[in-house]
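In what follows, a structure is listed as C-alpha cells, so that the remarks can point back to it.
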Amino acid sequence: MHRYAIDLASSQLAAVLVRLAPITQMLVLGMIERSGDAYYNTALVIAAGRVLGGYRKTFLTGGESVFTVGDQYPTFDCHGVRFGINICYDAQFPQAAAGVAAGGADLLLLPAQNMMPRDKALKWQDEHNRIRTRRVLETGMWLASADVTGERPDGRIGLGPTCVVDPAGTVVSHVPLGTTGIAVADIPARHQT
C-alpha cells in the first residue's frame, strides 16, 4: 500500500494527468490516496487531465483497517447528469447512497472489487444486484456499477456484475456474469452544464 499510494499534489499524479489530458471522456479512477499520514480508498474524478475531485470510501471492510474513513459525498456534473460515487462495500449501507442523493445526484457510480473465494462468490452473485436495487429504490437515482471478473492464482474469483439499474430498480443493461464487457444506458440529463 505504501509503495503504490499517491498524493494528489505529487509530481507522480501530475505526470499521469498530462497523459490523460487528450482523453475527452470524464474518468473515474480508483486509487490508494495518501494525504499526510492517512491513506484512503479513493475514486478520483478526472476530466481533460484535471482533477475535479474525489470520493473517499466511507464504509470499510475489516480488511481495509489500514485506510482512513471518508466523510463526504461530493457530486459532479457530466453533460447535465449529476453523479456521486460509492465504492463496493458502501452499497450495503443506505446512508452512503442517501449522502449522494442529498447532493442532488441523478446517478450513483459504484466501482466494486468483489473478488472472493469461489463458494462465497457463487453465494453472492445475485445478491449484489438485490442490494443495488434497494439503493436506487430508496433514492430514486440511477446506478451504474463496474465490477471485476476473472480468477486469481489463489482461487478467488470475480463474477461481476457490471450493470446499470434505473430508478425503478430494473437492470437495463448488464454484462453477463463472469465475462468482461461494458454496460451502456442513456441516462436523462436534468441539470444545466
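None of the figures in this text is laboratory data; all of them are computed from the coordinates on show. These figures come from a predicted structure and were not determined experimentally. With ideal geometry, Cβ positions are generated from the backbone for all residues, glycine too; neighbour counts draw on all protein chains shown.
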Report summary line: Here the alpha-carbon Rg of the chain over 2.2 N^0.38 Å rounds to 1.02
Query raised in the report: Tell me, what is the FRET efficiency for A14 and Q72 to the nearest 0.05, using R0 = 25 angstrom and their Cβ-Cβ distance as r?
Result: 0.60
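Could you list the square roots of 5 times each eigenvalue of the Cα gyration tensor of the stretch 29-105, that is, the equivalent ellipsoid semi-axes, sorted largest first and rounded to whole Å?
After scaling each eigenvalue by five and taking roots: 21, 17, 9 Å.
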Query - Relative packing of peptides 86-92, 56-62 - highest average C-beta neighbours within 10 Å first - result: 86-92, 56-62
Query - 10 °C / 1.306 mPa s Stokes-Einstein diffusion coefficient of the stretch 1-72, Kirkwood radius on C-alpha pairs, µm²/s - result: 125
Query raised in the report: At a Förster distance of 30 Å, what's the computed FRET efficiency of F93 paired with Q25, Cβ-Cβ distance as r, to 0.05?
Result: 0.55
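If you take every DSSP beta bridge fully contained in the chain, what fraction is antiparallel? Give it as a percent rounded to 5.
On the way: 29 of 38 bridges.
Of the beta bridges lying entirely in the chain, close to 75 percent run antiparallel.
For the stretch 1-72, what proportion of DSSP beta bridges, expressed in % and rounded to the nearest 5, is antiparallel? Don't skip to the end; give the middle numbers.
Details: 15 of 16 bridges.
Taking every DSSP beta bridge with both residues in the stretch 1-72, the antiparallel ones total about 95 percent.
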